[in-house]
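Visitor: After the structure tokens below, expect a handful of questions from me.
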Amino acid sequence: MAFGPAEIERLVRIELVAALVVFPVLFLVPAPYGRYQRRGFGPLMHARLGWVIMEFPAVVVPVWAFLAAGGAGACGGAAWLLLSLWLLHYTQRTFLFPVLMRGQGGRSPVMTVVLAIVFNCLNGVVNGTSLAWLGLDPARCAAFPPRLLIGVGIFLAGFLVNLHADHVLRTLRAPGEAGYKIPKGGAFRWVSAANYFGELVEWTGFAIAAMTPAAWAFAAFTAANLVPRAWSHHRWYKNTFPDYPASRGGTRHGAPGWPR
Ligand code: NDP
């Protein structure tokens, strides 16, 4: 079963509407996991298992959609490259990230996992199908335009920032230790949520490279999902640590600070 252009367009619109809804909601109600975990969001499940279950569709659904839509045809070098980058990110996120997570007893709301599965299926269908079409469209077969290479470079830079930031956060706690510390180094010199910053750079680069409505919708959704959470983290750090670096997040010593 493959999706046609009208169906993909409708699904991309749904993703954009979801981004418009999620953005203000997450400013008001931070997603209830990690430091914002609280009662009232239904049953909980093992956090590590939750990561694997919710991210797994982001590995298999785009591949299935890509192949069902024709697998990029004869001139799909760019499409295969972009699908490979997608899989680089999501195999890391699905299979390596949960294994490396610290803490044995973490719990996540089942609701968060279910919503992520729905989103990953939707996003996988629109992006997998759209990537396949890149290689089927004679007008877009022109091998590797500079815009594509620039986008790939931005994606890879964001990927490295995200990997490094996740590593810094993971190693803040000694094995068995709980609580939060101030992350330092890498992009944390400038921003409070370097992992989210890297992720946003990645999908923006991907959208520049692919130049499809589906890839831009994903970049928009990533921003809608992560900017409010980054803002919450920034406020949380500033409220929690009196010695939090004033230079982080756009403020300098002696300049007015961000709202607390
Ligand atoms: P967080 O920064 O909230 O937490 C990441 C891990 O680091 C958690 O195990 C957390 O512990 C720990 N941690 C975070 N801050 C500290 C600190 N100051 N001191 C000690 N430990 C800390 O990230 P998320 O869990 O939200 O995201 C994880 C990855 O998934 C990121 O790379 C992110 O970019 C990606 N992601 C992508 C999304 C998208 O829309 N594309 C959506 C959400 C995440 P604890 O759990 O106890 O808080």
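Visitor: With the full set of protein chains in place, find how many percent of the accessible area of the stretch 5-240 is carbon and sulfur; take the probe as 1.4 Å.
Guide: Working: 8030 of 11000 Å².
Its accessible area is 73 percent carbon and sulfur atoms.
Visitor: Restricted to Cα positions, what overall size does the stretch 43-118 have along the principal axes? Three whole-Å values, descending.
Guide: If we take the Cα atoms of the stretch 43-118, the spans are 49, 23, 10 Å.
Visitor: Arrange the peptides 200-211, 167-178, 229-240 so that the one whose residues have, on average, the most other Cβ atoms within 10 Å appears first.
Guide: Values: 200-211: 22.6, 167-178: 11.7, 229-240: 17.7.
Taking the mean over residues of other Cβ atoms within 10 Å, the ranking is 200-211, 229-240, 167-178.
Visitor: When only alpha-carbon atoms count, how far does the chain stretch along each of its three principal axes, as whole angstroms with the largest first?
Guide: Between the extreme Cα coordinates on each principal axis of the chain lie 59, 43, 33 Å.
Visitor: Please list the non-local residues whose amide H lies under 5 Å from the amide H of Leu44, H modeled 1.01 Å from N, same-chain partners needing a gap of 5 or more.
Guide: Val110
Visitor: Once amide H atoms are built 1.01 Å from N in the peptide plane, which residues 5 or more positions from Phe3, or in another chain, come under 5 Å H to H?
Guide: none
Visitor: Let me ask something additional. Per-residue ellipticity at 222 nm for the chain, helices alone: DSSP H runs ≥ 4 residues times -39500 (n - 2.57), over residue total, nearest 500 deg cm²/dmol? Numbers along the way, then the final one.
Guide: Numbers: 8 runs with 162 residues, N = 260.
Using -39500 (n - 2.57) per qualifying helix, the result is -21500 deg cm²/dmol.
The values are calculated or read from the model by the stated rules, or taken from the named source; none is laboratory data. Values in this document were obtained by computation on a predicted structure and should not be read as measured data. Heads up, the Cβs are rebuilt from the backbone with ideal geometry, glycines too, and the neighbour counts pull from every protein chain shown. Note: accessible area is taken over every heavy atom of the protein model, side chains too, but ligands, DNA and RNA are not part of it. Shrake-Rupley method; radii C 1.70, N 1.55, O 1.52, S 1.80 Å.
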